[in-house]
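Below is one structure, written out as structure tokens; the observations come after it.
The values are calculated or read from the model by the stated rules, or taken from the named source; none is laboratory data. Quick caveat, the model's predicted, so the values are computed rather than measured. Reconstructed Cβ throughout: ideal geometry from the backbone, glycine too, with neighbour counts over all protein chains shown.
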Amino acid sequence: MKIFVLGLRGFPGVPGGVESHCEQLYPRLVQMGCDVTVFTRSPYIPPERRFPEWRNVKFIHLWAIRDKHLEAILHTFYGVIVAFFLRPDILHLHAVGPSILSPLARIFGLKVVVTNHGPDYRRQKWGKRARWVLILGESIGTRFADRIIVISSGIKEMLEKKYGRRDLRLIPNGVVIPEQVPPGKILARLGLRPEKYILSACRFVPEKGLLDLIAAYQLLDNPGFKLVLAGGADHDNDTSRAIRAAASRDERIVLPGYLSGSPLGELFSNAGLFVLPSYHEGLPLALLEAMSYRLPVLVSNIHPNQEVPLPKSRYFPAGNVGKLSKKLVELFSEGISSTEEESQQEILRCNYDWDRIAEETLAVYNEIYMEVTQ
């Protein structure tokens, strides 16, 4: 079965929730017998890393304009044209923006699966026109795709209510349980001590709430721990500039940049608390990753975060800087009990296993493939 994949920047090691999702999913589907080709956006893949394949996943490194408004849609359009000539059995589109091209793919005679990773139009970075296009993409993708996959029950309920489609497949994000990484070069380079820093890891965009986290941290007098914000911005914006400015004025705020693999694992393994103060998520991969490293966590009380069943003490009201500040001190000193730690691991094993997620995705593909071949 030949699968083409569009809607992401690429992988491995390209930041982003959709990118992390695909990096874990598609090598597993190849192992299960699928022939998978992923269209990457070439500006995000350095020339020395533009491999023809990785872990037996094939790549087509397709040019893309670096523009936050046009990038995804234009790249998807070019990818659909290429797919028209190369004729995959299934074209899998990720995210609501690229989904706007699903009718074109259907006109070309392609079978289309769409994964809805969340209502991107709620992200604070978008203006009115961009939000309208993303809402249109959600509507068109939901109506025209042969199959729809959603990553959370909240997204499923929303789409059922808005569009009346009842055959949506709930297949969440997953997480790999990692090996702990002992303190090493990264902590030494950043001047960090084990369990003496709070960690957040995400893109520097408004909806992640990092400016709230900085403000909450700066309310504390001599907290005894540093604040580490791992990540960056694909496109420079007011939030990313404000974060860099805050770090330049306060040496306790550490910006290591985008990290992946063992360096990022070292930061997760040795943090004292992980914080995700976001206003918008699909299903928070960073939270699942923090839990996989057995970290105590503190997250905003938005619905997607609450789909991960944590104790009530692990949530705070989104946007409430004062309560976030108090929680930082309280939960950093409290740490995590062995009972809660084991509960976290059980949640991950039961609900967010990538092998099972790949099997469920393959089942969706097989349904369509059987329709085509009958």
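Observations on the structure shown:
- Single match in LEU276, LEU287 (criterion: free of Cβ contacts under 8 Å to residues at least 24 places away in the same chain and under 14 Å from the mean Cα position of the chain (by Cα)): LEU287
- Residues being over 17 Å from ARG294 (Cβ atoms), surrounded by 13 or more Cβ atoms within 10 Å (Cβ to Cβ) and of a type outside the set (Asp, Glu) - total across the stretch 330-365: 8
- Strands (runs of 3 or more DSSP E) fully within the stretch 249-318 that include at least 1 residues being surrounded by fewer than 19 Cβ atoms within 10 Å (Cβ to Cβ) and modelled with pLDDT of 95 or more: 253-257.
- Helices (runs of 4 or more DSSP H) lying entirely in the stretch 100-216 (those with 1 or more residues that are modelled with pLDDT of 95 or more, aromatic (Phe, Trp, Tyr) and within 24 Å of LEU74 (Cα to Cα)): 128-144
- Flag if LEU159 is surrounded by 14 or more Cβ atoms within 10 Å (Cβ to Cβ), assigned by TED's automatic domain parsing to the domain that holds CYS22, over 18 Å from LEU287 (Cα atoms) and touching an Asp or Glu at 6+ places or on another chain (Cβ under 7 Å): no
- Residue within the stretch 43-63 that is within 24 Å of PHE144 (Cα to Cα) and either under 17 Å from the mean Cα position of the chain (by Cα) or outside any loop (DSSP other than H, G, I, E, B) (or both) present: no
This table checks each residue for (1) more than 22 Å from TYR279 (Cα to Cα); (2) surrounded by 15 or more Cβ atoms within 10 Å (Cβ to Cβ); (3) in contact (Cβ under 8 Å) with a residue 24 or more places away in the chain; (4) under 25 Å from the mean Cα position of the chain (by Cα).
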site: GLY184; (1), (2), (3), (4): yes, no, yes, no
site: GLY209; (1), (2), (3), (4): no, yes, yes, yes
site: HIS235; (1), (2), (3), (4): no, no, yes, yes
site: SER240; (1), (2), (3), (4): no, yes, yes, yes
site: ARG244; (1), (2), (3), (4): no, yes, no, yes
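- Inter-residue pairs, beta-carbon under 6 Å, first on the phi < 0 side of the Ramachandran plot and in the stretch 93-110, second part of a loop (DSSP other than H, G, I, E, B) and small (Gly, Ala, Ser), 6+ apart: LEU93/GLY7; HIS94/GLY7; PRO98/GLY7; SER102/ALA145
One line per residue, one yes/no per condition, for (1) of a type outside the set (Asp, Glu); (2) outside any strand (DSSP E or B); (3) within 26 Å of TYR369 (Cβ to Cβ):
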site: GLU23; (1), (2), (3): no, yes, yes
site: GLY33; (1), (2), (3): yes, yes, yes
site: THR37; (1), (2), (3): yes, no, yes
site: ARG66; (1), (2), (3): yes, yes, no
site: HIS69; (1), (2), (3): yes, yes, no
site: VAL80; (1), (2), (3): yes, yes, yes
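- Which numbered condition LEU170 misses (of (1) over 22 Å from the mean Cα position of the chain (by Cα); (2) surrounded by fewer than 17 Cβ atoms within 10 Å (Cβ to Cβ)): (1)
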